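Reading through the structure tokens given below for one structure.
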Amino acid sequence: MWGIKQKVNHDIVHITAQLEQQIASYTPHIQKFLEEVNAIVLDKQAQTKLALCCLIAGGHVLFEDLPGLGKTTLASSLAHLAGLKFQRIQFTNDMLASDVIGINMFNQKEHQFEFKQGPIFTQILLADEINRCSPKTQSALLEAMEEGFVTVDGMRYALPQPFWVIATQNPLFQSGTYALPESQLDRFLMRLSLGYPSRQAEKLLLQQESRFALIATLQNVFNEDQILELQSLVQQVHISDLVQEYLLDLAAETRKNRYGLSTRGLLALKRAAQAYALIEGRAFVTPDDVQAVFVAVASHRLGLSEAETQNVMQQVAVS
């Protein structure tokens with residue numbers, strides 16, 4: 001029995017060492033990615049790191065802010081640097097679900113219906129101002145975001161992999177907006193807000209050329225195979241029993257006297273913490289990783305502000 005335990009421990013050490021080497025090989029790429037995107041979107045290092053966290057965790061990201069604060073600029077920068085196929089949909093209130101996922105059209109020459117793919121058949125979908133379309137059209141994204149498939153007239157079609165939705169939405173007090181339903185919000189791994197840039201950053205924006213001209217000069221940092229490998233590595237990042245207990249304590253705290261974090265939300269928190277640890281160059285999760293992603297993962301699921309969600313987290317002691 002002692003010999004078996006020794007072998008198991010040896011195997012675990014070997015696997016961990018191998019994972020650490022794989023993560024270390026990606027560290028220069030991750031640093032370059034963040035440097036490049038932070039040269040376009042100034043003074044938003046925390047948000048760009050969390051956005052990259054979503055990409056390698058295989059989770060979608062929602063940017064919520066006033067118009068003109070760089071949401072679309074950041075989304076376009078992320079898409080260019082990720083080296084994946086990219087489509088953009090500008091959502092409007094008259095858009096139909098078929099405008100997003102596609103439609104069956106009759107081919108008169110072949111005398112049969114053929115499926116014409118919509119713009120959702122891409123690897124990175126920029127859903128710009130997603131809350132300006134009707135709830136029915138918003139629901140067209142649910143299956144795609146959760147399962148990587150779309151269903152049209154009873155037929156399921158697989159989306160390209162990796163599939164990543166970067167959505168932007170305007171505050172609900174603006175005219176012509178529809179609140180995203182809870183089921184839609186839950187499909188987003190994180191909700192992020194950019195806010196106004198600092199005075200120094202805004203002065204640089206006045207002095208430099210157009211952001212979109214700079215985006216056009218960006219070179220791919222990753223490719224499709226590397227993104228898929230990173231997503232696989234994220235799942236291997238170790239979470240100790242103590243950190244798992246911390247995750248459970250946080251979930252329990254959110255459920256006191258309110259509608260709290262669901263099991264799916266808890267799994268999302270775990271995956272985001274694993275991705276954050278990988279970005280930090282580690283093969284294991286620490287409570288700091290959990291705290292770094294908690295507000296972005298939990299606030300939109302709890303229906304709380306960032307400050308209120310931060311306060312919930314602070315009620316839970318780290319073992």
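Take the conditions among the charged types (D, E, K, R), under 23 Å from Ala296 (Cβ atoms) and modelled with pLDDT under 90 and apply them to Arg187. Does it pass?
Yes; evaluated as a whole, the condition is true for this residue.
The residues of segment 261-285 that are touching a residue at least 12 places away in the same chain (Cβ under 8 Å), assigned to a loop (DSSP other than H, G, I, E, B) and either within 14 Å of the chain's Cα centre (by Cα) or closer than 21 Å to Ser25 by Cα (or both), listed by number, are Gly281, Arg282, Ala283, Val285. Could you check segment 212-234 and list, in sequence order, the residues that are of a type in the set (Phe, Trp, Tyr) and under 14 Å from Gln123 (Cα atoms)? The one that is of a type in the set (Phe, Trp, Tyr) and under 14 Å from Gln123 (Cα atoms): Phe222. A Cβ distance below 7 Å, combined with a sequence gap of six or more or placement on separate chains, defines the contacts here; from segment 148-165, residues that are under 17 Å from Leu126 (Cβ atoms) reach residues that are of a type in the set (S, T, N, Q) in the pairs Pro160/Thr122; Pro160/Gln123; Pro162/Gln123; Pro162/Gln231; Phe163/Gln123; Trp164/Gln123.
Filtering Arg264, Arg282, Arg258 for residues that are surrounded by 13 or more Cβ atoms within 10 Å (Cβ to Cβ) and outside the structural domain of Gln123 (by TED's automatic domain parsing) leaves a single hit, Arg282. Inside segment 76-113, residues that are part of a strand (DSSP E or B) and of a type in the set (S, T, N, Q) make up a count of 5. What's the number of the condition Gln207 fails, among (1) free of Cβ contacts under 8 Å to residues at least 40 places away in the same chain; (2) among the polar types (S, T, N, Q); (3) more than 30 Å from Asp65 (Cβ to Cβ)? Of the numbered conditions (1) free of Cβ contacts under 8 Å to residues at least 40 places away in the same chain; (2) among the polar types (S, T, N, Q); (3) more than 30 Å from Asp65 (Cβ to Cβ), the odd one out for Gln207 is (3). If you go through segment 259-269 and keep only what is within 17 Å of Ile56 (Cα to Cα) and touching a helix residue (DSSP H, G or I) at 6+ places or on another chain (Cβ under 6 Å), you end up with Ala268, Leu269. In segment 125-138, the residues that are among the charged types (D, E, K, R) form Cβ pairs under 7 Å with partners that are modelled with pLDDT under 80, at six or more places apart or across chains, as follows: Asp128/Thr72; Glu129/Asn170; Arg132/Gly176; Arg132/Thr177.
Yes/no matrix, rows are residues, columns are (1) modelled with pLDDT of 90 or more; (2) touching a Leu at 6+ places or on another chain (Cβ under 9 Å); (3) assigned by TED's automatic domain parsing to the domain that holds Ala213:
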| position | (1), (2), (3) |
| --- | --- |
| Phe33 | yes, yes, yes |
| Leu55 | yes, yes, yes |
| Pro67 | no, no, yes |
| Leu74 | no, yes, yes |
| Leu78 | no, yes, yes |
| Gly83 | no, no, yes |
| Ile89 | no, yes, yes |
| Ser98 | no, no, yes |
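Checked against the criterion of being part of a helix (DSSP H, G or I), of a type in the set (A, V, I, L, M) and more than 29 Å from Glu306 (Cβ to Cβ), segment 194-205 has no qualifying residue. If I ask for residues that are in a helix (DSSP H, G or I), loosely packed, with under 15 Cβ neighbours inside 10 Å, more than 18 Å from the chain's Cα centre (by Cα) and not charged (D, E, K, R), which ones from segment 215-246 would you list? Those that are in a helix (DSSP H, G or I), loosely packed, with under 15 Cβ neighbours inside 10 Å, more than 18 Å from the chain's Cα centre (by Cα) and not charged (D, E, K, R): Leu242, Gln244. When Arg199, Arg255 are checked against the criterion of being basic (Lys, Arg) and over 22 Å from Ala39 (Cβ atoms), a single residue qualifies: Arg255.
The values are calculated or read from the model by the stated rules, or taken from the named source; none is laboratory data. All values reported here derive from a predicted model rather than from experimental measurement. Every residue, glycine as well, gets a Cβ built from its backbone with ideal geometry; the counts of neighbours run over all protein chains shown.
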